[in-house]
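Below is one structure, written out as C-alpha cells; comments come after it.
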Amino acid sequence: MVVLVALATLVSTALGGLFALRNRDRLHLVLGFSAGVIVGVVTFDLLPEIAHLASDTGTNFRIPMIGLAAGFLGFHVLEKSLLLHHSHESEYGQHHHPSVGVASALALSAHSFTDGVGIGLAFQVNHTVGFSVALAVIAHDFADGLNTVSLMLAHGNKRGRALALLALDAAAPVVGAAATLLFSVPARDLLIYLGVFAGFLLYIGASDILPEAHASHPSRLTVAMTVVGVAAMYVVISILP
C-alpha cells in the first residue's frame, strides 16, 4: 500500500516537470491550490494526530512542537545554504552554470526522498494520516518536478539532461517510502518526527509554493484556489475513516 501510494508522487513529479517544458500559463492556479492542500493537511490532520499521540504516550505536547519549529527552521537554513530558491534569480541578470542546475536538482531529489520517508512513517501511525500526508506530498511534488526542470534549463542544461534529473526526482519518493518497510519507529520517536515533518510541510507551503504562485501571476483567483485547497482537505479528512 505504501509503495503504491508513493507511485502517485512519481506521477505528480513527472507531470510538474513536463508542464515546465510546455507552458506555465496556469501554473499559478495549480500552485495556489497545492499550498492550500498542504496547509489543510497540517492543520486538520497532522496537528490533531500529534496531540492525540502525545496524549496516548504521555509526552509533553511542547516536544513535538519544538520538532515543528526545528523542521521549519532547519529546512529554511538548508534551503538557503543550497541556494534552492531561484524565483528571483532573473532580477540579477542571466546566469548559466550547468553544474549549479545539476546540484540544485540533486538536492531536490534528496528532498523528494525524505518526502517518501514521510509517507511511509505516516502510514506507521495509521492509514488516515498516511493518506493525508501522501496527498500533501503529491500536491507539492508537482512543484518539485517543475522546479527540477526549470532549474536545469535556467542554468543552461540540455533538455535530455533535464529529463534525466526529472526521472531521478520522480523516483526518489518511491524509494524513500519503500525504505520505511524495512524498519518501524517507536511511537514517541514517531511523534517527534511528525512534528518535524509538519514544520517541513508548512515551510514548503508558505515559503516555497505560495511565493512562486504569486510571483508572476498575482491575482485574487490564486488566493481563492489556496482557500479552496484548504477547504478541500478539510472535507477529505473529515470523511476519511
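The values are calculated or read from the model by the stated rules, or taken from the named source; none is laboratory data. Values in this document were obtained by computation on a predicted structure and should not be read as measured data. Note: ideal-geometry Cβ built from the backbone for every residue, glycine included; neighbour counts use all protein chains shown. The area values use the complete protein model at the heavy-atom level, side chains included, leaving out ligands, DNA and RNA. Shrake-Rupley method; radii C 1.70, N 1.55, O 1.52, S 1.80 Å.
Numbers at a glance
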{"item": "Residue in the range 56-69 that is touching an Asp or Glu at 6+ places or on another chain (Cβ under 7 Å) and modelled with pLDDT of 80 or more present", "result": "no"}
{"item": "Within the range 136-241, helices (runs of 4 or more DSSP H) holding 2 or more residues that are more than 25 Å from Gly36 (Cβ to Cβ)", "result": "159-179, 187-203"}
{"item": "Cβ-Cβ under 8 Å pairs, at least 6 apart or on other chains, the range 41-61 side farther than 11 Å from Ala187 by Cα, far side open to solvent by 80 Å² or more (accessible area, probe 1.4 Å)", "result": "Phe44/Tyr234; Ala51/Phe61"}
{"item": "Among the candidates Met152, Met233, residue that is farther than 30 Å from Ile50 by Cα and either touching a Pro at 6+ places or on another chain (Cβ under 8 Å) or open to solvent by less than 50 Å² (accessible area, probe 1.4 Å) (or both)", "result": "Met152"}
{"item": "The range 155-187: number of residues that are touching a residue at least 40 places away in the same chain (Cβ under 8 Å), open to solvent by 80 Å² or more (accessible area, probe 1.4 Å) and more than 20 Å from the chain's Cα centre (by Cα)", "result": "4"}
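Yes/no per residue for (1) under 10 Å from the mean Cα position of the chain (by Cα); (2) open to solvent by 20 Å² or more (accessible area, probe 1.4 Å); (3) among the basic types (Lys, Arg); (4) modelled with pLDDT under 80:
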position	(1), (2), (3), (4)
Ala110	no, yes, no, no
Val117	no, yes, no, no
Thr128	no, yes, no, no
Val133	yes, no, no, no
Val137	yes, no, no, no
Ala143	yes, no, no, yes
Leu146	no, no, no, yes
